[in-house]
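The values are calculated or read from the model by the stated rules, or taken from the named source; none is laboratory data. Every value quoted in this text rests on a predicted model; they were computed, and no experiment measured them. Cβ sites come from the backbone with ideal geometry, for glycine too, and all protein chains shown count toward neighbours.
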Amino acid sequence: MHSTTSLGRSKGYSDTNYKENKVERESTSGEYHFMGSILISWISKKQGTIALSTIEAEYISVVECCSSCFGLEINLLIMELIRLTFQIW
């Protein structure tokens, strides 16, 4: 799956490994984020929510990926505001 923020500066990709195991039912999600062509973030973790189907596990993964992309964009906007306010760079 792929997501891009409205500003278009960051892109995120996600994938999920759905667990059908009855004992350990948490799926594993992986996501990575790019700014342009530069990899800036990567994570692999078990999902906190137990998905009942493959599509639900993928949906959970995409929502987390989009959330991370927007968080990165917000951090960039804050850094630009600080730079413009204090003329650091």
Quiz item: Hey, does the range 62-80 have a residue that's over 13 Å from SER10 (Cβ atoms) and outside any helix (DSSP H, G or I)?
Solution: no
Quiz item: SER14 is checked against (1) assigned to a loop (DSSP other than H, G, I, E, B); (2) at pLDDT 85 or above; (3) not acidic (Asp, Glu) and fails just one. What number does that condition carry?
Solution: (1)
Self-check item: Residue selected from the range 17-35 under the condition of a type outside the set (Gly, Ala, Ser) and part of a strand (DSSP E or B), by the criterion farthest from LEU76 (Cα to Cα)
Solution: ASN17
Exercise. Report, by residue number, each residue of the range 42-52 that is surrounded by 13 or more Cβ atoms within 10 Å (Cβ to Cβ) and at pLDDT 85 or above.
Key: ILE43
Exercise. Among the residues of the range 20-41, write down those that are surrounded by 14 or more Cβ atoms within 10 Å (Cβ to Cβ) and within 10 Å of SER10 (Cα to Cα).
Key: HIS33, PHE34, MET35
Exercise. Taking ILE78 as meeting all but one of (1) more than 27 Å from ASN17 (Cα to Cα); (2) at pLDDT 85 or above; (3) surrounded by 13 or more Cβ atoms within 10 Å (Cβ to Cβ), write down the number of the exception.
Key: (3)
Self-check item: Residue in the range 36-52 that is in contact with a strand residue (DSSP E or B) (Cβ under 6 Å, 6 or more places away or on another chain), within 25 Å of ASN75 (Cα to Cα) and in contact (Cβ under 8 Å) with a residue 40 or more places away in the chain present
Solution: no
